[in-house]
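*Asks:* Next up is a structure, given as structure tokens.
The values are calculated or read from the model by the stated rules, or taken from the named source; none is laboratory data. Computed from a predicted model, the values in this text were never measured in an experiment. Cβ sites come from the backbone with ideal geometry, for glycine too, and all protein chains shown count toward neighbours. Surface accessibility is based on the protein's heavy atoms, side chains included, excluding ligands, DNA and RNA. Shrake-Rupley method; radii C 1.70, N 1.55, O 1.52, S 1.80 Å.
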Amino acid sequence: MAKGQGLTTRTEDYAKWYGEVIEAGDLAEHSPVRGCMVIKPYGYALWENMRDVLDRMFKDTGHSNAYFPLFIPKSYLSKEAEHDEGFAKECAIVTHSRLIPTPDGKDLMPDPSSKLEEELIIRPTSETIIYGAIKNWIQSYRDLPLLLNQWANVVRWEMRTRLFLRTAEFLWQEGHTVHATAEEAEEETAKMLGVYADFLENWAAIPVLQGRKSESEKFAGADHTYCVEAMMQDRRALQAGTSHNLGQNFAKGFDLTYQTQEGKLEHAWTTSWGVSTRLIGGLIMTHSDDKGLVLPPKLAPHQVVVVPIWRKDAQKDDILAYADKLVAPLREKGIRVHLDARDKMQPGKKFYEWEKKGVPLRLEVGPRDMENDGVMTVRRDTGDKAPMAREAFLDGVQATLDEIQATLLAKARAFREENTHAVDSYDRLKEIVEGDGGFCRALWCGSDACENQVQSETKATIRCIPFDEPEEKGDCIICGESNEKIGKRIVWSKAY
RNA sequence: CGGGGUGUGGCUCAGCCUGGUUAGAGCACGUGGUUUGGGACCACGAGGUCGGCGGUUCGAAUCCGCCCACCCCGACCA
């Protein structure tokens, strides 16, 4: 994208648009390390806001934060067979602890004598290292439930990466809980999925489908996986968060046992759940437009930006003093406001910049406004521009921000509904998937064979078996067998 | 890991085919001035081991060899 011009539009090239929005919004950039990104201050501020809200939600549901090591002894990974198989092919491995100069003295190489006794895996997820530690914390049913969360970075050596959506290293939170009964573990798994759905809809303004993953899509090592799925503006699905009921699989692998009230020794029941910096990608692809980022007020680093305008230097001090009559009251109301007092920059340039950065509400204050005790307001979501009296603006600003938040959610929900189709034949499924795309609600027999066939022929996958689908008996659109095992429509879509 | 492509100031690229003083342009950046209600203009200025190593040559960004990195398209995935 050339500076001083517009972005590639979504219809021209969606992937290119996505990259340009990130660049123009100053969120992140590629690092010299393959598949890794540098999250810039503005992008990190967005992540911090997400993190703070989620962290509060986790604590309100009884969880405590802890921190476990980045390195996992290789042997830990082989204690849960499915888990091992699921992650082994994308691990970074530490083999040495020291560098020495090469024989020609021009480079460095691992010192053969520093080869580790046991190689260390850089965590792709922390179940194994956490169970290794907490099995010693739990002896009695009185020690349960154990409700932990960790904010951390993890590494998965992915083949193809995209900023935020799939990077070799990413930031996330991973909840890990241990329970005395299967019922409690199931309740926890469902509860945390609900927390994610709440966060996504009410804070990120991203409507989500809640549901269960098919056997082939579930987390490696889980009994079953629940997920929240969102639709991006190119009508592809994004798995925004997952919550896994791990049953006793990991407890057995790590000998995580507790003594019951009756004095018997039993394996515990565990869960894990996570969301990552991928959510930033989801936020971008849900709300942003051809002018750049559009951020929901509840998560935006700056909810309001004030651009002062002066014609002559002599006016500058007066205008800035007047701008403060907006900025100070906004701060008092707890609104995140930024005054852009940069000199030697034309107002128009600032307008474009904050538009690209997705600030929900822009205020322009110049001599005319100062004279009228007014302010010019511009909404990022609709582009609506309106002059207002200062006091009236201040009285209504929170309501305006709430309305922007609600508008974004409603718009995203309407888009998803428009692009969700009830599909009753495989031909129709292919037609949609190969055409505009979207979510296809269809009957499915529950077999891997049908799932694999669709995936290899169309690239679409089963995103989830939604909770809120009504019961519906009928024949699988692929093989024609009865769907009695599933008993309702499931959702197919291409996904990120 | 297969197929394709690209490596030259912060960014986008020209120069390479046909080797020849001091490697260019636009954007961005700095200073000064005029500007400022939707991306300003003028002047001056700073910034480069031309991805790395080796070879050919009097001389290499340019030719040859090897290596590395990144990007795009596939198979795999939060």
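*Asks:* Among all stretches of chain A without exposed trypsin sites (Lys or Arg not before Pro) (DSSP loop, at most 15 other Cβ atoms within 10 Å), which one is longest?
*Replies:* So the longest stretch without any such site is A:345-458.
*Asks:* Using a simple charge model, +1 on the beta-carbon of Lys and Arg, -1 on the beta-carbon of Asp and Glu, nothing else, what dipole does region A:304-403 show about its Cα centre, in debye to the nearest 20? Present the calculation step by step, with values, prior to reporting the outcome.
*Replies:* Numbers: 19 positive and 19 negative charges, 97 e Å.
Charge dipole, region A:304-403, about its Cα centre: 460 debye, nearest 20.
*Asks:* Write down the accessible area per residue of region A:420-493 in Å², having rolled a 1.4 Å probe over the full set of protein chains. Please report the intermediate quantities before stating the final value.
*Replies:* Working: 3460 Å² over 74 residues.
Computed with neighbouring chains in place, this is 47 Å² per residue.
*Asks:* Also, quick follow-up: What does the charge dipole of region A:14-287 about its Cα centre add up to, to the nearest 20 debye, if the Cβ of each Lys and Arg holds +1 and the Cβ of each Asp and Glu holds -1?
*Replies:* Working: 28 positive and 39 negative charges, 105 e Å.
The calculation lands at about 500 debye.
*Asks:* How big is the convex hull of the Cα atoms of region A:420-493, per residue, in Å³?
*Replies:* On the way: hull volume 5.4 nm³, N = 74.
Once divided by residue count, the hull of region A:420-493 is 73 Å³.
*Asks:* How high is the relative contact order of region A:339-429, in percent, counting Cα pairs under 8 Å that sit 6 or more residues apart? Intermediate values should be presented prior to the final figure.
*Replies:* Numbers: 59 pairs, mean separation 15.4, N = 91.
Relative CO of region A:339-429 lands at 17 percent.
*Asks:* Over the alpha-carbon set of chain A, work out the extent along each principal axis and list the three values in angstrom, largest first.
*Replies:* Projected onto the principal axes, the Cα atoms of chain A cover 80, 67, 56 Å.
*Asks:* Mind scanning A:LYS89/A:LYS115; A:LYS16/A:LYS357; A:LYS357/A:LYS494; A:LYS40/A:LYS135; A:LYS191/A:LYS252 and naming the pairs with a C-alpha gap bigger than 27 Å?
*Replies:* Values: A:LYS89/A:LYS115 22 Å; A:LYS16/A:LYS357 17 Å; A:LYS357/A:LYS494 29 Å; A:LYS40/A:LYS135 38 Å; A:LYS191/A:LYS252 24 Å.
Checking Cα-Cα distances, A:LYS357/A:LYS494; A:LYS40/A:LYS135 exceed 27 Å.
*Asks:* Given contacts defined as C-alpha pairs under 8 Å and at least six residues apart, what's the relative contact order of chain A, whole-number percent? Mind showing how you got there, number by number?
*Replies:* Values: 973 pairs, mean separation 67.0, N = 496.
Averaging sequence separation for qualifying contacts and normalising by length gives 14 percent for chain A.
*Asks:* Which listed residue (A:LEU326, A:TYR76, A:PRO103) has the Cα farthest towards the positive end of the charge dipole for chain A, taking +1 on Lys and Arg C-beta and -1 on Asp and Glu C-beta about the Cα centre?
*Replies:* Farthest towards the positive pole: A:LEU326.
*Asks:* When the dipole is taken about the Cα centre of region A:420-493, and only Lys, Arg (+1) and Asp, Glu (-1) are charged at their Cβ, what size is it in debye, to the nearest 20? Spell out each step's value before the answer.
*Replies:* Numbers: 9 positive and 15 negative charges, 30 e Å.
With only Lys, Arg, Asp and Glu charged at Cβ, the dipole is about 140 debye.
*Asks:* If you bin the C-alpha pair distances of region A:304-403 every 5 Å from 0, what whole percents do you get?
*Replies:* Bins of 5 Å from zero give 3, 13, 27, 27, 20, 9, 2, 0 percent of pairs.
*Asks:* If contacts are Cα pairs under 8 angstrom and at least 6 residues apart, what is the relative contact order of region A:14-287 in percent?
*Replies:* Numbers: 508 pairs, mean separation 53.2, N = 274.
After rounding, I find 19 percent.
*Asks:* Same structure again: Principal axes first, then extents: for the Cα atoms of region A:131-283, list largest minus smallest coordinate on each axis, whole Å, largest first.
*Replies:* 56, 29, 28
*Asks:* Percent of accessible area on chain A owned by carbon and sulfur, 1.4 Å probe? Please report the intermediate quantities before stating the final value.
*Replies:* On the way: 11030 of 22720 Å².
Heavy-atom surface of chain A belonging to carbon and sulfur, 1.4 Å probe: 49 percent.
*Asks:* Once Lys and Arg get +1 and Asp and Glu get -1 on their Cβ, which of A:ILE309, A:LEU293, A:ALA220 lies farthest toward the positive end of the dipole of chain A?
*Replies:* A:ILE309
*Asks:* Given the options A:CYS464, A:LEU443, A:SER482, identify the residue whose Cα lies farthest towards the positive end of the charge dipole of region A:420-493 (+1 on Cβ of Lys, Arg; -1 on Cβ of Asp, Glu).
*Replies:* The Cα lying farthest towards the positive end belongs to A:CYS464.
*Asks:* Also: Which values of log₁₀ I(q)/I(0), to two decimal places, follow from the Debye formula for region A:14-287 at q = 0.07, 0.15, 0.17 Å⁻¹ with a uniform point scatterer at every Cα?
*Replies:* Summing over Cα pairs of region A:14-287 leads to -0.28, -1.17, -1.40.
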